[in-house]
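Structure first, commentary second.
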Number of protein chains: 2
Amino acid sequence: MKRLVTSLISVSALALNATAFANESVMKGSQDPKQWVIQAGTYDNQRYSKLDQINETNVGKMAPAWSFSTGVLRGHEGSPLVVGDIMYVHTPFPNIVYALDLNDEGKIIWKYEPKQDANVVPVMCCDTVNRGLAYANGKIFLHQADTTVVALDAKTGKVTWSVVNGDPKKGETNTATVLPVKDKLLVGISGGEFGVQCHITAYDIESGKKVWRAYSTGPDDQILFDPEKTTSLGKPVGKDSSLKTWQGDQWKTGGGCTWGWYSYDPNLNLVYYGSGNPSTWNPKQRPGDNKWSMTLFARDPDTGVAKWVYQMTPHDEWDYDGVNEVPLVDQKIDGKDRKLLVHFDRNGFGYTLDRTNGELLVAEKYDPAVNWASKVDMDRSSPTYGRPLVVAKYSTEHNGEDENSQGICPAALGSKDEQPAAFSPKTGLFYVPTNHVCMDYEPFRVSYTPGQPYVGATLAMYPAPGGANMGNFIAWDATKGKIVWSDPEQFSVWSGALATAGDIVFYGTLEGYLKAVDAKTGKLLYKYKTPSGIIGNVMTYQHKGKQYVAVLSGVGGWAGIGLAAGLADPHAGLGAVGGYAALSNYTALGGTLTVFALPD
Amino acid sequence: MKRLVTSLISVSALALNATAFANESVMKGSQDPKQWVIQAGTYDNQRYSKLDQINETNVGKMAPAWSFSTGVLRGHEGSPLVVGDIMYVHTPFPNIVYALDLNDEGKIIWKYEPKQDANVVPVMCCDTVNRGLAYANGKIFLHQADTTVVALDAKTGKVTWSVVNGDPKKGETNTATVLPVKDKLLVGISGGEFGVQCHITAYDIESGKKVWRAYSTGPDDQILFDPEKTTSLGKPVGKDSSLKTWQGDQWKTGGGCTWGWYSYDPNLNLVYYGSGNPSTWNPKQRPGDNKWSMTLFARDPDTGVAKWVYQMTPHDEWDYDGVNEVPLVDQKIDGKDRKLLVHFDRNGFGYTLDRTNGELLVAEKYDPAVNWASKVDMDRSSPTYGRPLVVAKYSTEHNGEDENSQGICPAALGSKDEQPAAFSPKTGLFYVPTNHVCMDYEPFRVSYTPGQPYVGATLAMYPAPGGANMGNFIAWDATKGKIVWSDPEQFSVWSGALATAGDIVFYGTLEGYLKAVDAKTGKLLYKYKTPSGIIGNVMTYQHKGKQYVAVLSGVGGWAGIGLAAGLADPHAGLGAVGGYAALSNYTALGGTLTVFALPD
Ligand SMILES: O=C(O)c1cc(C(=O)O)c2c(n1)C(=O)C(=O)c1cc(C(=O)O)[nH]c1-2
Ligand SMILES: O=C(O)c1cc(C(=O)O)c2c(n1)C(=O)C(=O)c1cc(C(=O)O)[nH]c1-2
């Protein structure tokens, strides 16, 4: 069966509702540039659209065409979907879903408002965000904050099935989107700040029945590793590859959460994603590499078994979660066509790997400020091959508990956080929203209580030295590991980018601007101040022959937690409140969708 | 001193900060079409701007230029102010004030967030709205929900003075704007649904010291009437004109609240406003004319003494508060120049009076659906001169307690509620946002408890017969009492209108559209769907040579109370929840300022 899905062309001819081929609905929808059926646009997470009606010559004339308030304040991540003539808009907690009629100027066709216990809110580490819906097989999938996964009839909003994926009382929550792959729905979980043993789970897309679950830490039968066949940097991982890297039972509260983005290669039949920080944030308390936290995984979606893994940050000392998106691209390296996977890690390195086998090809800093490691060891014969070479001065492990390690770059929220990059096959470049922020980090001893924060570090954040800008929007050549151009931004760019065939790239800023820049040069071509700071991701669609660009504004997320949760102590929000305090001079809370178009 | 202010030209030459001439600051600001210093634009409440860069030929090209989320949900009434290069934006409860820098794309210069006891919210009858700020003498004036009046330094947001005008524990709250007149600040009060004895109060504009207070009901020394000199329809009212129209002490809980709009004629030195419903809503419980509820007042701002009064709805049986705005215009009637005052009352009659003496000139229905009265008796020799001739079938007094009087038009929220009309001196027409809604009304016996609702009626609301539209936007000739054109709207038009020298009229709709129509024909020239339903008032200003149009969206108010307060029972919100239930198919909560301009 798997092998049926070998070419995009054959796929698009298949029936939409064939249960066994759930992904055909996604593949068909995502091949149609008029629609936007999953959060990344396409399985490869390129966030690229073939639409070119709006292009570098006319984008300066673009203007808002209509707008829609979601009725919810706090951080709005993710983007709307467009399936046929309907737009689906989601909100942060309480995770309302609206179906809007594009034929009737956004009239509300249906609204789904889950009843969720508000006690989940304090268990969410970094605002009440949700990274959005997915569409497949006539259903809209929502993964609520309280970890209830719901399949809604896309036409009526009626619940088809629902299943509970975790328990907020144990610190388990959700902010991530879900990915429909074949006949399964893949879902992650959050809780790295609460000592959760995190996992990715596959549910049957038609019934919601659990099919498999793969933890990030634990024994091989829990992490779904084949000691002989699952490889890391080309070698089998061997037995108990995770257990061996933890002291005692610590893997049971080990984190490695899966709250980021998922990509899928239908030809290789592999799903890609990264795992988050090991718990606690105090490295002294958990000796070892803490595998497989901070790791990229390639898994078989049918069985969940891992084909290969690569741990970016062994024994994390800085909260550099490895969950950022994993776009898949086919590019030449040294003249050879390669099936690549690119990953802008929180730790500040941009990685390029061979996605067929996990071979490490490039690992370079995508922000020159990065200082915690001098480089990633690329010497295949070295005992530290593939590992970052940590600078002692910035090692919170080395400096020890109750010692304030200062001037570490990047800050815990990374050179990039969850905000996804875009890729244009026309330029061959990645467009990366980045943070240009450093930190002081003081680990302290904590004990584990289920459902209570399990952090153990005090942080302060501030702009990287040499300037006041806390972000850059950059173009990156992943085959060389080089910045091509870089546009400074006052605040971190916490919005997902969109590249289009119109040779332009869109992104949002924390002050609230939607910006369009020239894909080749980074030159600013258009900006508009939306109602609130943008941490949503830009998407595009076409309706009745006209191209639209849409983005959710609504400041929040980790960077905007001071505004979102009304916090003022600079150390609150794990240091983000102080770091982004100036944001309150530019914007206030509010959840609004703004849809742009060229004038008639 | 009063006499100094006799011509606009001499005034504008005076110093801005001269304490004794507070209104000069307003007059100077309101004569400058680039600014918008009080809610109505000008003292005469015409809501007219001389700006004409945006006009009937190019308004179709208008588009949003920037936007700003207020961070507050629920109903956003009123409009921003523009003073120099600063825009002042207010919100509903908790009544935040933002000063935005127009030179720096809306950057927040300062933010004032009062600390108010949230217990005021349930004491507000019709959503947590606030009709906005006023500027005078370098100060921004805010009248909070809890009745605290605050003077803020316009440059820094620091509190200059503050004074408490009422007590929410007794049902006293505020939603109205304030009016700076000469060296005083005039403020009203709400509480007609809580049996408050309402009043207008003058505070010293520099110190906040109370100067005078005039009640709507009570003895002459409380209502500030001169029995010999205060007239009604040309005759002195005589002694105890209010007391005589109430049974016993009922005037003490008599309502007549002052939550509407205030206008001022500097030449006549008279302030105009209307009073609200008598309490309770059950007419059987309060025999008599219930003076001076439902009354237009002309008062001397220096002393508070009433020059003349006119009661539109004696012994109200329908909650037809008389608080709607009182625009002042100079027009010819029967070939003679007259100083007029026009008033579109909740009761469905459009009144034109001579504002010098209160002579009644025109009283005609401005919605053909109005049926509770056949007409206003215009026969000067009749004993019922000036009174509405009530139709027995629609008289809730006549039908009695616990009887459901059906099909009464308009509904309690009137043929028009607080949403202010605009006037264009170029066309000589009024542009009136109206409600086209009828009701069933069943009075029942209630007893008075301070701070508790004192309503005594159950209502249902629905569109007027013969169509589904719940509103019209009309042009009205106040000299003849005739509708010139009428644009039907699906919902009541709950937004204040703006007329400009560009021969266009702007208004917002409850679904969220900002619309521009041709002032002469009513033809739709532009519409844009803002994030949320509009109950704010449209304003315009000019900055760096460019004209902007701005409006707050944020659905709520009485019509939107179902959405704003999350109510579902159709009888809730005094019948508005059922009447406007379909609104939830079009819009959701959210407070956003959208600023429009022509493309560069
Ligand atoms: O370890 C976790 O479980 C976890 C969860 C989340 C989340 O669910 O949003 C974030 C993080 N960690 C995190 O480290 C982080 O930087 C972060 C940023 C954001 C955001 O939405 O802005 N969420 C999260
Ligand atoms: O009698 C009062 O004190 C009082 C107060 C208010 C208010 O303060 O908003 C309203 C009313 N009455 C009222 O009758 C009414 O129709 C109304 C509509 C609205 C609104 O803002 O949409 N407020 C009020």
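The values are calculated or read from the model by the stated rules, or taken from the named source; none is laboratory data. Predicted model only: the values in this text are computed from it and were never measured. Note that we place each Cβ from the backbone using ideal geometry, even for glycine, and neighbour counts take in every protein chain shown. Heavy atoms of the whole protein, side chains included, go into the accessibility calculation; ligands, DNA and RNA do not. Shrake-Rupley method; radii C 1.70, N 1.55, O 1.52, S 1.80 Å.
Determine which residues of segment A:249-265 fall in the zone a paramagnetic label at A:Tyr448 would reach in this model, i.e. backbone nitrogen under 17 Å from the point 7 Å along Cα→Cβ.
Within reach of a label on A:Tyr448: A:249-258.
Measuring label to label, 7 Å along Cα→Cβ, what does A:Ala568 give against each other copy in nm, shortest first?
Spacings between copies for this position, smallest first, are 3.8 nm.
Do you know the relative contact order of segment B:224-376, to the nearest whole percent, from alpha carbon pairs under 8 angstrom that are 6+ apart?
Relative CO of segment B:224-376 lands at 20 percent.
Principal axes first, then extents: for the Cα atoms of segment B:2-597, list largest minus smallest coordinate on each axis, whole Å, largest first.
61, 55, 52
Mind listing the label-point distances from B:Asn58 to the same position on all other copies, shortest first, one decimal in nm, points 7 Å along Cα→Cβ?
Distances between equivalent label points, in nm: 2.2.
On a full-extension model of 0.36 nm per residue, what is the gain between B:Glu228 and B:Ala582, subtracting their alpha-carbon distance, rounded to one decimal in nm?
Using 0.36 nm per residue and subtracting the Cα-Cα distance, I get 122.2 nm.
Any idea of the total accessible area buried by the B-A contact, 1.4 Å probe, rounded to 100 Å²?
Adding both sides of the contact gives about 2400 Å².
Take peptide B:97-107, look around each residue's Cβ out to 10 angstrom, count Cβ atoms belonging to other protein chains, and average those counts. Walk me through the intermediate numbers first.
On the way: counts 0, 1, 0, 0, 1, 0, 0, 2, 6, 5, 5.
Neighbouring Cβ atoms belonging to other protein chains average 2 per residue here.
Across the residues of B:58-66, average count of Cβ atoms on other protein chains within 10 Å?
Numbers: counts 0, 0, 2, 3, 1, 8, 10, 4, 8.
Mean shielding count: 4.
How far, in nm to one decimal, is A:Ala118 from itself in the other copies if the label point is set 7 angstrom along Cα toward Cβ? Shortest first, please.
Result for A:Ala118, in nm, nearest copy first: 0.7.
Taking +1 at the Cβ of each Lys and Arg and -1 at the Cβ of each Asp and Glu, which of A:Ala422, A:Leu598, A:Ser79 sits farthest along the dipole of chain A towards its positive end, judged by Cα position relative to the Cα centre?
Final value for the positive-end residue is A:Leu598.
Given the peptides B:472-481, A:388-397, arrange them by the average over their residues of other C-beta atoms within 10 Å, most packed first.
Values: B:472-481: 22.2, A:388-397: 17.1.
Going by the mean number of other Cβ atoms within 10 Å, highest first, we get B:472-481, A:388-397.
Would you calculate the separation in nanometres between label points at B:Lys239 and A:Lys111, each defined as 7 Å from the Cα along the Cα-to-beta-carbon direction?
5.9
Just counting partner chain Cβ atoms within 10 Å, what average do the residues of peptide A:577-588 show around their Cβ? Mind dumping the intermediate values first?
Working: counts 0, 0, 0, 0, 0, 0, 1, 3, 7, 6, 6, 12.
Mean partner shielding for this stretch: 3.
Using a Cα-Cα cut-off of under 20 Å, which aspartates and glutamates could be cross-linked to A:Lys332, ignoring same-chain neighbours fewer than 8 residues away?
A:Asp44, A:Asp265, A:Asp354, A:Glu359, A:Glu364, A:Asp477
Considering the Cα positions of segment B:495-600, please state its Rg to one decimal place and its Dmax as a whole number of Å.
15.2, 50
At 1.4 Å probe radius, can you tell me the per residue accessible area of segment A:194-342 in Å²?
Numbers: 4400 Å² over 149 residues.
Roughly 30 Å² per residue, with all protein chains present.
Could you check how much of the accessible area of segment A:163-268 is carbon and sulfur, as a whole percent, using a 1.4 Å probe?
52
Using the structure shown, list the pairs from B:Lys235/B:Lys375; B:Lys34/B:Lys158; A:Lys34/B:Lys107; B:Lys158/B:Lys209 with a Cα-Cα distance above 28 Å, or answer none.
A:Lys34/B:Lys107
Would you work out which of A:Gly545, A:Gln311, A:Ile561 lies farthest towards the positive end of the dipole of chain A? Charges go on Cβ: Lys and Arg +1, Asp and Glu -1.
The residue sitting most towards the positive pole is A:Gly545.
In whole percent, what relative contact order does segment B:164-288 give with Cα contacts below 8 Å and a gap of six or more residues?
On the way: 260 pairs, mean separation 30.3, N = 125.
24 percent.
Please report the carbon-and-sulfur percent of the accessible area for segment B:385-433; probe 1.4 Å, protein heavy atoms only, DNA, RNA and ligands left out.
C and S atoms contribute 47 percent here.
Run the reach check for B:Lys239 against lysines, Cα to Cα strictly under 22 Å, same-chain hits fewer than 8 apart removed. What comes back?
Of all the lysines, those that pass the test against B:Lys239 - Cα under 22 Å, at least 8 places apart if same chain - are B:Lys229, B:Lys252, B:Lys291, B:Lys307.
Taking the Cα centre of the protein assembly as shown as the origin, how large is its charge dipole in debye, to the nearest 20, when only Lys and Arg (+1) and Asp and Glu (-1) carry charge on their Cβ atoms? Don't jump to the answer; show the numbers that get you there.
Values: 110 positive and 124 negative charges, 283 e Å.
Its charge dipole is roughly 1360 debye.
How many percent of the alpha carbon pairs in the protein assembly as shown exceed a separation of 51 Å?
Pairs farther apart than 51 Å: 31 percent.
Calculated FRET efficiency, B:Ser162 and A:Asp354, Cβ-Cβ r, R0 56 Å, to nearest 0.05? Don't skip to the end; give the middle numbers.
On the way: r = 68 Å, r/R0 = 1.22.
The computed FRET efficiency comes out at 0.25.
Using mean Cβ contacts within 10 Å as the protection proxy, how do B:567-576, A:77-86, A:443-452 order, highest first?
Result, highest mean Cβ count within 10 Å first: A:77-86, B:567-576, A:443-452.
Which one, A:Ser279, A:Leu224, A:Tyr262, is farthest towards the positive end of the dipole of segment A:224-289 when Lys and Arg carry +1 and Asp and Glu -1 on their Cβ?
A:Ser279
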